[in-house]
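Notes follow once the structure below has been shown.
The values are calculated or read from the model by the stated rules, or taken from the named source; none is laboratory data. Here the structure is a predicted model, which is why all the values come from computation and not from measurement. We place every Cβ from the backbone using ideal geometry, glycine too, and count neighbours over all the protein chains shown.
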Amino acid sequence: MFRCEVCGQVAPARVPVSKLVVEVRRVEYPRRKKVHWHPQADDPKDRWVDDPGGVGVETVREVRTCPGCSPASQHARASVLRRSCAGADR
């Protein structure tokens, strides 16, 4: 059982919950030197390799939705992600 955070109704037992991402943020991961160990099967020299880092998106906040709110949440999710990602590029 859970309370839908969109409509406020309590869902009955054994009803699957859907999660709606309502806020995301852009994040940059720094480059890290020699953090991953790669054993070499054909080479006696095992080695450490670098992590290149990169840019990504992290979920900041998500809400629980009932099956009745899920179709509406699919449309809302797309618009929220578009707005959040568009604002992060600035």
Exercise. Select from the range 1-16 the residues that are touching a Pro at 6+ places or on another chain (Cβ under 9 Å), in contact (Cβ under 8 Å) with a residue 40 or more places away in the chain and among the aliphatic types (A, V, I, L, M) and list them in ascending order.
Key: 11, 15
Quiz prompt | Meets criteria (in contact with a helix residue (DSSP H, G or I) (Cβ under 8 Å, 6 or more places away or on another chain) and at pLDDT below 90) for residue 57 | solution = no
Exercise. Starting from the range 51-62, take each residue that is without any contact (Cβ under 8 Å) to a residue 12 or more places away in the chain and list its partners that are in a strand (DSSP E or B) and not hydrophobic (A, V, I, L, M, F, W, C), counting only C-beta distances under 9 angstrom and pairs at least six apart or across chains.
Key: none
Practice problem: Go through the range 49-68 and give me each residue that's more than 30 Å from residue 15 (Cβ to Cβ), in a strand (DSSP E or B) and out of contact with any His (no Cβ under 7 Å at 6 or more places or on another chain). | Solution: 50, 54, 55, 56
Quiz item: Within the range 67-85, is even one residue in contact with a Cys (Cβ under 8 Å, 6 or more places away or on another chain) and modelled with pLDDT under 90?
Solution: yes
Quiz item: In the range 1-19, which residue that is among the aliphatic types (A, V, I, L, M) and part of a loop (DSSP other than H, G, I, E, B) is farthest from the chain's Cα centre (by Cα)?
Solution: 13
Quiz item: When the range 1-32 is examined, which residues are found to be surrounded by 10 or more Cβ atoms within 10 Å (Cβ to Cβ) and charged (D, E, K, R)?
Solution: 3, 5, 19, 23, 25, 26, 31, 32
Quiz item: Within the bounds of the range 20-37, is there any residue that is of a type in the set (A, V, I, L, M), part of a strand (DSSP E or B), over 13 Å from residue 67 (Cα atoms) and free of Cβ contacts under 8 Å to residues at least 24 places away in the same chain?
Solution: yes
